[in-house]
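What follows draws every value from the coordinates through simple rules; no lab data is involved. Here the structure is a predicted model, which means the values were calculated and not measured. Neighbour counts are summed over all protein chains in view; Cβ atoms, including those assigned to glycine, are modelled from backbone coordinates with ideal geometry.
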Amino acid sequence: MKIQFYKYQGVGNDFVMIDNRFANFVPEKELIEKLCDRNFGIGADGLILLENDANSDFQMVYFNSDGQVSTMCGNGGRCIVRFASDLGIIQDTAKFQAIDGFHEARIENEIIHLKMSNVVSVEKLPTHYFLNTGSPHHVEFVQVVDDVDVPNYGRIIRYGAPYFNEGTNVNFVETLPGNALKIRTYERGVEDETLACGTGVTAAAIAAYEAGKVNSDEVVVYAEGGELRVKFFKNPSGGFENVWLSGPAEFVFKGLIEVE
């Protein structure tokens, strides 16, 4: 079987994209793992299907590189908007369905602006913050993020109490001058550090605002793969709405891969 695929990346967070509007691709765990494998496949942090949706421009179905259906992926959401534009499905704006509901997006040259889910609450704990930005995130502030052993320390937190088997994404965040942050993220499902995580960047910006580490509702976040921006509004009830994640999303290459 030959599969037509497209490769996209958003600040180093990379994805195999498949146009599945005709339901030709049947997602199976082992197949997705093989396609995402960096040694024996195409190589990616995840695989995304673009499918038809009766109530919006398209539907996004996201799988982590472990082959499992996952929660929302912010950079994947920005990349599928670019993909839909390249396919001619949308022009400068989009509305699409994802696992956490509908999302809006707009394209301004190389930048994709993606509206994220509202954040109902932010949990403050003695060592970290916890919140859900479409995916669950543990946010821990550190003095020097480059000194953190993210793959090992992140794995311990991801599988430890209170997360256990369900797990969480784990973010280590350093505060910089000028309402800016530097972040490194351990992603569940990938089970390693990634160059960027859109929902993690969003979580870090909101947690930093709650912690008083930034005093602006627009935050610059530097991931290992590049720069992203998060803008939000804190409502009187304490939640966050009108949350936007902005940054580049780029086509890398396309091809055919033959699988058994």
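Here the residues 93, 202, 168, ranked from fewest to most Cβ neighbours within 10 Å of their Cβ, fall in the order 93, 168, 202. In sequence order, segment 74-89 has phi-based couplings of x, 5, x, x, 5, 5, 6, 5, 4, 4, 4, 5, 5, 7, x, 6 Hz under the Karplus curve 6.51 cos²θ - 1.76 cosθ + 1.60, θ = phi - 60°, and Gly or Pro positions carry x.
In plain terms, the chain from residue 254 to residue 124 could stretch by 42.4 nm, reckoned as 0.36 nm per residue minus the Cα-Cα distance.
Seen through its C-alpha gyration tensor, with square-root eigenvalues sorted a ≥ b ≥ c, segment 1-136 comes out oblate because a/c lies at 1.5 or above while a/b is not bigger than b/c. Ordering 209, 185, 236 by Cα displacement along the dipole of segment 178-260 toward the positive end leaves 236 in first place; charges were set at the Cβ atoms of Lys, Arg (+1) and Asp, Glu (-1). On the principal axes of its alpha carbon atoms, the chain extends 52, 38, 27 Å, with the longest extent given first. The angle between the Cα long axis of helix 150-159 and the main principal axis of the chain comes to about 90°, on a 0 to 90 degree scale.
Out of every Cα-Cα pair that segment 123-247 contains, those further apart than 23 angstrom amount to 22 percent. Dividing the summed helix terms, -39500 (n - 2.57) for each DSSP H run of n ≥ 4, by the number of residues in the chain produces a 222 nm estimate of -5500 deg cm²/dmol to the nearest 500. Compared with the dominant Cα axis of the chain, that is its longest principal axis, helix 198-210 is turned about 20°.
With an a/c value of 1.5 or above and a/b not larger than b/c for the gyration tensor axes a ≥ b ≥ c computed over the alpha-carbon atoms, segment 1-52 is described as oblate. Between segment 175-189 and segment 83-148, how far is it from one alpha carbon centroid to the other, in angstrom? After rounding, the separation between the Cα centres reads 13 Å.
Neighbours of residue 233, meaning other residues whose beta-carbon lies under 10 angstrom from its beta-carbon, give a summed charge of 0 when Lys and Arg score +1 and Asp and Glu score -1.
Counted residue by residue at 0.36 nm each, then reduced by the alpha carbon distance between them, the extension gain from residue 146 to residue 40 reaches 35.2 nm.
Structural size metrics of segment 99-159, computed from C-alpha coordinates, are Rg and Dmax of 15.4, 42 Å.
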